[in-house]
Amino acid sequence: MPGDLFNWQRKDWPSFSFARGALKDELAAFARAFRAAKAALREPQDPLFVARTLAAEAVTTSAIEGVEVDEAVVMSSICRALGVPVAAPTAARDARSEGAARMVLAVREDWDAPLSAALLRRWHGTLLEGDDRGIRAGAFREVPVRVVSVDRFGRSETRFEAPPPERVPEEIARFVRRWRHRPASPDGIALKAALLHPHFESIHPFEDGNGRIVRALVAKVLAEGLGHPLALPVSTLVSRHRRAYYDELNVASRTLDWTAWAGFFVPVLTELLEGFVSAARFVAAKRDYLSRYEAAFSERARKVVLRMFEDGEAGAKAGLSAAKWMRMAKVSKPTATRDLAELAQTGAIVPEGAGPRTRYRLNHPAFEPDREPIEPINDGINDGINAAILRLVRNHPGRGVPFFLASVKASRATVERAVRALVRAGRIEHRGSRKTGGYYATQTSTP
């Protein structure tokens, strides 16, 4: 059967095909996101935002491959390299975490460097320098690679097999010749970023780190196309679609028709650029808000507002309450009430509601809560999706949307809409960073 062969075993390898017509809608959506990203680059990038994005990418791209690194060590290393002030990590430095940080920094530095075998080996050496598993960092593999799965009846299946190690240098030489060109059109950029991925993974040139390096290549292609050294969280997006990602890669490894793979991966790239645009707009709105009001802040108010911004757009839109101010500023309720009243007089926040349920939103159009229709929430909360999530938050404080999705029968959009509704109603609130934080019940949501 044709499906029994891997793509590199076929006589036409490494020639592949794809049906451009079948990708018309996907490429059009990417082009719109690409143009928006290009326009967003006119605004200066926030150094701390760049550092956090790079750190999240380093941690996530490692986690996808089952490699655990320390986020604090990664963040510290990246901030030191970028000259961004950051507290020293409490954890000891370790080779894997340092390597993950060096890797994303190298990709950012090499964004405009020509693609070459030497570049790939250098990235691999950067990633695995100091690794204690005996892997030859910066060198192509000299061992065969085969992934075999065994079912509960003891039957084995070869899920993936790479070309013999002696073929790797020539395979990489052909890979470089095929992908060193730089397309100018959004269509060409999208197709290059998508299609070089299964090509590289099929070669599997290194003993370890192939997935991390090819996702770095995807980020490099997008940066080349946009003409700017961007902090793009490719792996963060991939992790949201992890099961489909591996399923589609497995299919692509056994065929030279990569239409289905491109149909999956181009929308991931579109989502990535849309996220970049959203983040860029948030950074611009944050800068505008602070330029308007920061001069009137007390030192305590400044710390609270900046802490809200640490959680991104969701943190800014979540607003404030006396209880939240008490916890964030570590003050008494009378002091919190007075602080909020004084801050409202400056125009920096706008009160909504009255009495003990008064909440305050940041006074900027970009931080207004979403106004989409939602399920009503009141003291006699309906027995629906909102109620189910509220119960989950009460019983499992600190969890996030992935946990809710695994616990209720609803789409991601429905769950996220319910979470936003509960936040707006003051029943739950988000604490901590976007990556490691979670949702907690507020005082007003006590049963």
Semi-axes of region 282-334 from the Cα gyration tensor (sqrt of 5 times each eigenvalue, largest first, whole Å) come to 20, 14, 8
On a 0 to 90° scale, report how tilted helix 299-309 is relative to the longest principal axis of the chain, with both axes built from alpha carbons and the result rounded to the nearest 10. 40 degrees
Mean 1/r over distinct Cα pairs of region 274-362, inverted to a Kirkwood Rh in Å, yields 13.4 Å
With each label point set 7 Å from Cα along the Cα-Cβ vector, what nm distance links Ala81 and Ala314? 2.7 nm
Kindly identify region 38-194 as rounded, prolate or oblate by the Cα gyration tensor criterion: order the square roots of the eigenvalues as a ≥ b ≥ c, call it rounded if a/c is under 1.5, otherwise compare a/b with b/c, prolate if a/b is larger, else oblate. oblate
So how much slack lies between Arg281 and Lys303, counting 0.36 nm per residue of separation and subtracting their Cα-Cα distance, in nm? 5.7 nm
Of the candidate values (1) 74, 55, 39; (2) 69, 58, 46; (3) 75, 49, 45, the one computed for Cα extents along the principal axes in Å from this structure is (3)
When the chain is modelled as a GNM with alpha-carbon springs shorter than 10 Å, which of Arg412, Arg182, Arg281 fluctuates the most? Arg412
Output the 0 to 90 degree angle, nearest 10, between the alpha-carbon long axis of helix 95-109 and the longest principal axis computed from the alpha carbons of the chain. 90 degrees
Top positive-direction residue, dipole computed over the chain with Cβ charges, set Trp258, Leu290, Ala162: Leu290
Rounded to the nearest 20 debye, what is the charge dipole size of the chain about its Cα centre when +1 sits on each Lys and Arg Cβ and -1 on each Asp and Glu Cβ? 880 debye
GNM, the chain, Cα, under 10 Å: largest mean-square fluctuation among Thr255, Thr236, Thr346? Thr346
Degrees separating the helix 333-345 axis from the principal Cα axis of the chain, which is the longest one: 80 degrees
For region 231-382, what percent of Cα pairs sit more than 28 Å apart? 42 percent
For Thr126, Thr259, order by how many other beta-carbon atoms lie within 10 Å, fewest first: Thr259, Thr126
Regarding region 70-152, what whole-number volume in Å³ per residue does the convex hull of its Cα atoms give? 152 Å³
19 Å Cα-Cα threshold exceeded, pairs from Lys303/Lys330; Lys24/Lys220; Lys317/Lys409; Lys192/Lys220; Lys303/Lys333; Lys286/Lys333: Lys24/Lys220; Lys317/Lys409; Lys286/Lys333
The chain: most fluctuating residue of Phe264, Phe403, Phe309 per GNM, C-alpha cutoff 10 Å: Phe403
The farthest towards the positive end of the charge dipole of the chain, of the residues Leu48, Ala33, Leu343, given +1 on Cβ of Lys and Arg and -1 on Cβ of Asp and Glu, is Leu343
If you rank Tyr360, Tyr246 by fewest surrounding Cβ atoms within 10 Å, what's the result? Tyr246, Tyr360
Specify, per residue and in Å³, the volume enclosed by the convex hull of the alpha carbon atoms belonging to region 242-290. 64 Å³
Total charge dipole magnitude, region 172-326, about the Cα centre, Cβ charges on Lys, Arg, Asp, Glu only, Debye to nearest 20: 340 debye
Counted neighbours (other Cβ, 10 Å), sorted fewest up, put Ser253, Ser97 in the order Ser253, Ser97
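Every read-out reported here was derived from the displayed coordinates using simple, explicitly stated rules and does not represent laboratory data. The structure presented is a predicted model; accordingly, all values stated were derived computationally and were not measured. FYI the Cβ positions are ideal-geometry reconstructions off the backbone, even for glycines, and counts take in every protein chain you see.
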